[in-house]
1. Kindly give the semi-axes, whole Å and largest first, of the ellipsoid equivalent to segment 136-203, taking each as the square root of 5 times a Cα gyration tensor eigenvalue.
2. Using a/c under 1.5 as the rounded threshold, could you call segment 320-448 rounded, prolate or oblate? The axes a ≥ b ≥ c are square roots of the C-alpha gyration tensor eigenvalues, and prolate needs a/b larger than b/c, oblate otherwise.
3. Please report, in cubic angstrom per residue, the volume enclosed by the convex hull of the alpha-carbon atoms of segment 190-276.
4. How high is the relative contact order of the chain? Use alpha-carbon pairs under 8 Å, at least six apart in sequence, and give a whole percent.
5. Can you give the angle from 0 to 90° between the axis of helix 80-92 and the longest principal axis of the chain, with both taken from C-alpha atoms, to the nearest 10?
6. Given contacts defined as C-alpha pairs under 8 Å and at least six residues apart, what's the relative contact order of segment 122-252, whole-number percent?
7. Please tell me which of these pairs span more than 27 angstrom C-alpha to C-alpha: LYS143/LYS312; LYS102/LYS143; LYS186/LYS357; LYS97/LYS377; LYS137/LYS437; LYS97/LYS437?
8. Which of these, THR408, THR129, THR120, has the largest mean-square fluctuation under a Gaussian network model of the chain (Cα springs below 10 Å)?
Amino acid sequence: MNAINRRNFLKQSTGAAGALPVLLNAATAPSTRAAAAQAPGPNSQIRVGLIGAGSMGRGDLDCFLGNADVACPVLCDIDDAMLAQGAALCARRGRPKPDTVKDFRRVLERKDVDAVIVATPDHWHALPTVLACQAGKDVYVEKPLALTIDEGHAMVEAARRHRRVVQMGSQWRSARHIQEAAEIVKSGQLGKVSLARGWAWLDWLPDIGRPADSAPPAGVDYDLWLGPAPRRPFNRNRFHFNFRWFWDYAGGLMTDWGVHLINMLLMGMSRDWPRTVCSSGGTYVQTDMRETPDSQIALYEFPDYMLVWEHKSGLAAGLHGRPWGVSWSGTEGTILLNDAGYELVIEKKRATLEPRKAPAAGDPRPPHVRNFLDCIKSRRTPALDVELAHHVSTVAHLGNIAFRSGATIAWDPQTRRIPNHAAADRLVGVAYRAPWKLPYAERSESGA
């Protein structure tokens, strides 16, 4: 990966420095409904509050502030250092100094906030999104949609009940070369597609070592950072960027890179659910304290094709010479796609299908953000709507659940259950540390 791509990835996937404090039981949240702002008109300014001011959040906010119709009246984070950096970003953009708060519900109570960016660690995606919908705010939430499948369902339910625009921040959905390649696949020009494959082979992810537990940094409320996650001693490897390697807060490379690339693959396929999923892997390269695998392969059986995801650390180039990519293989041809563009390789010479190459068309994040902003004004469905985001994220989660359970799991989308493995089924659900509770997350025996 060259320096530009490495820098872009760090900007795109570094989690927020801290999830957000909730000082009261989430059951009190309906009081925020009174603060619901009226949807901005076509020519109105959109006032955005940032929840999670770490590297990912600041990258998102910088992109939002590239639009003249966006203002940022408030920043929220539990880390004073991140709040200071967020305020500095607004100053560099020539914008007024925003208010800063540590409790995200103080953002939701404000009448001068129309929408929020949720750029926290994964275990804090669901609750701010659900309560923001209840408060009448639209939401741009980073990928993966949630830490668990049932959290994602709660987010869909909240968005639909409260008629909110919710977009997931997997910006590749708005990349023109990916859209074009996916349309070729969907059109049937490749013939019968039986195999879709995605990979991320990354040589630049460092060994994080085994530092001792310590006191949290000054200006950080670590208990509030943990929020609904289990109580653990503070360790710098469980904080900031490295939180993603621990099951309490994230799903490793499967939900970090996998959600991006599985999203691309599913753009070319139908909206089916996988019937079965199996996965193998382990920590074969790093020797540190991470819990998620540094090397993993997941195999998904869809009704009429197979999907393979694989990731590993410690190799400079992946399949076909790129550190990441996807491919669709059909009876008439194959498309290979990565950050440079896509290539259509013909298996049979046909007058209607010719080999072709198309380059990538610039940074997809600005059009992805602009799509969200336009949908706030029009009330149309965004490019990566919460329901679609839930589908993509669930596929990734099922790969991790199969890995963690060591079983080939079946998935019943009607009941939202894994009927053939009780331990795996428990990983679908929501287990919050008291007193945290997530509205709309309950499951009956039928999955309703």
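1. Listed largest to smallest, the semi-axes of segment 136-203 are 29, 16, 14 Å.
2. Here segment 320-448 falls in the oblate category.
3. Working: hull volume 14.0 nm³, N = 87.
Spread over its residues, the Cα hull of segment 190-276 gives 161 Å³ apiece.
4. 20
5. That helix lies at roughly 80 degrees to the long axis.
6. Numbers: 122 pairs, mean separation 30.0, N = 131.
Contact order relative to length: 23 percent.
7. Numbers: LYS143/LYS312 20 Å; LYS102/LYS143 22 Å; LYS186/LYS357 18 Å; LYS97/LYS377 25 Å; LYS137/LYS437 20 Å; LYS97/LYS437 33 Å.
Result: LYS97/LYS437 exceed 27 Å.
8. Looking only at THR408, THR129, THR120, the biggest GNM fluctuation is shown by THR408.
Quick note: the coordinates plus some simple rules give every number you see, no bench work behind them. Treat the numbers as computed from the prediction; the structure is a model and nothing was measured. When we count neighbours, we look across all protein chains shown, and the Cβ atoms used for this are built from the backbone with ideal geometry, even at glycine.
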